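First comes the structure, then the notes that go with it.
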Amino acid sequence: MNSTITQFADSLKSIRSMGVSDVLDILIVAVVVYAAIGFIRKTNSIKVANGILLLVLALWLSSVLRLSVTNFLLRQVFEIGILAVIILFQPEIRRALEKVGSSQLFAIFGKEWGVQGMEHVIAQTVYACEDMAKSHTGALIIFERDNRLNEVRGSGTYVDAYVSSELLKNVFFNKSPLHDGAAIVKDGRLMSAGCMLPLSRNTNLSRDLGMRHRAGIGITENTDAVAVIISEESGSISVAVDGLLKRHLSLDMFEAILRQELLPAEETDRETWFDRLKQRKGNKHAEERDQRKE
């Protein structure tokens, strides 16, 4: 009992003696641990984490029980294991570093694409996808955001043209030499077409997803890009973000997702192009009815 009281008193003294640097140190460690847990959950690496936890437990037990040889071997495994983990999670670590390097802190040094320009791109994309979905034309459009896709863009044909519905439909026309690859859109311009993308490594994906959908999911697992996929079989429109696929989208939902992901937060609440189109059609029908009555 006395030992417990003594430990409690020592803990209170330690807390009272803490300075600003100690609090900052604890907060940094907490943020790192929280980020590591989120990283493990997001990358489906729970089995790897369990294996590392077991090794740590075994290392501690070997030290407590004074198992010198076992402890030595486990320490060697840990030294090699650090390199193995870095190699194993190289894509995820690279993505995290790219996010840090391309954060808003450094955005002031780069060229920002205007909101009006991006609204035009979204409207033209919705126009094109509406027609391609009706004709069951397969398409894969990637919107590059903070993470640069230089290697992916380099794997295709350089285009560098303003985005228009006609251009997108021509790129994915089934007799076009570029229709099998992905089109990369960056800062409101169609930079490359016919690009090759990494396939998703997620083994839990539905079996009815083809290579186009798996490629769209794959690029969003490794970067912050937004992937638009049109199924050649069903003509359905899907959007992949952060490795998650939203399927069978209506046109208004499709545009809403693009606006949410590609426009600043304050712009997403504005009236969408699809709403304006429906309103114009409704006004036109009302005028025709009024003319017939007259």
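The values are calculated or read from the model by the stated rules, or taken from the named source; none is laboratory data. As the structure is a computational prediction, the values presented were derived from the model and not from experiment. FYI the Cβ positions are ideal-geometry reconstructions off the backbone, even for glycines, and counts take in every protein chain you see.
Picking from G194, G235, G210, which residue would you name as being touching a helix residue (DSSP H, G or I) at 6+ places or on another chain (Cβ under 6 Å) and surrounded by fewer than 20 Cβ atoms within 10 Å (Cβ to Cβ)? Quick ask: steps written out before the conclusion?
Numbers: G194 fails: touching a helix residue (DSSP H, G or I) at 6+ places or on another chain (Cβ under 6 Å); G210 fails: touching a helix residue (DSSP H, G or I) at 6+ places or on another chain (Cβ under 6 Å).
From the options G194, G235, G210, the qualifying one is G235.
What number of residues within the stretch 204-231 satisfy the criterion of being in a loop (DSSP other than H, G, I, E, B), more than 24 Å from H136 (Cβ to Cβ) and not acidic (D, E)? Lay out the reasoning, then the answer.
Narrowing the stretch 204-231 to residues in a loop (DSSP other than H, G, I, E, B): 204-210, 223-225, 231.
Pick out the ones that are also more than 24 Å from H136 (Cβ to Cβ) and you get 204, 223-225.
After this cut, where a residue has to be not acidic (D, E) as well, the list is 204, 223, 225.
Counting residues in the stretch 204-231 that are in a loop (DSSP other than H, G, I, E, B), more than 24 Å from H136 (Cβ to Cβ) and not acidic (D, E) gives 3.
If you check every pair at least six apart or on different chains, which have Cβ atoms under 9 Å apart with a residue in the stretch 134-156 that is in the same structural domain as R189 (by TED's automatic domain parsing) first and a residue that is among the aromatic types (F, W, Y) and surrounded by fewer than 16 Cβ atoms within 10 Å (Cβ to Cβ) second?
Final answer for the pair search is T137/F173.
Give me a count of the residues in the stretch 133-160 that are out of contact with any Ser or Thr (no Cβ under 6 Å at 6 or more places or on another chain) and either surrounded by 22 or more Cβ atoms within 10 Å (Cβ to Cβ) or among the charged types (D, E, K, R) (or both).
Result for the stretch 133-160: 13.
Checking I142 against (1) more than 15 Å from the chain's Cα centre (by Cα); (2) modelled with pLDDT of 95 or more, which test does it fail?
Here I142 meets the rest and fails (1).
Name the single residue that is nearest to G138 (Cα to Cα) among those in the stretch 175-203 being of a type in the set (S, T, N, Q) and assigned to a loop (DSSP other than H, G, I, E, B). Spell out the reasoning first.
Residues of the stretch 175-203 that are of a type in the set (S, T, N, Q), as a first pass: 176, 192, 200, 202-203.
From what is left, the residues that are assigned to a loop (DSSP other than H, G, I, E, B) are 176, 200, 202-203.
On the way: S176: 12, S200: 18, N202: 22, T203: 23 Å.
So the residue we want is S176.
Return yes or no: is A96 assigned by TED's automatic domain parsing to the domain that holds A225 and either part of a helix (DSSP H, G or I) or at pLDDT 65 or above (or both)? Even if it seems obvious, please write down each step before you answer.
Values: assigned by TED's automatic domain parsing to the domain that holds A225: no; either part of a helix (DSSP H, G or I) or at pLDDT 65 or above (or both): yes.
Judged against the criteria, A96 is not a match.
From V20, V31, grab the single residue that is surrounded by 10 or more Cβ atoms within 10 Å (Cβ to Cβ), modelled with pLDDT of 70 or more and not assigned by TED's automatic domain parsing to the domain that holds T203.
Numbers: V20 fails: surrounded by 10 or more Cβ atoms within 10 Å (Cβ to Cβ).
Exactly one residue qualifies, and that residue is V31.
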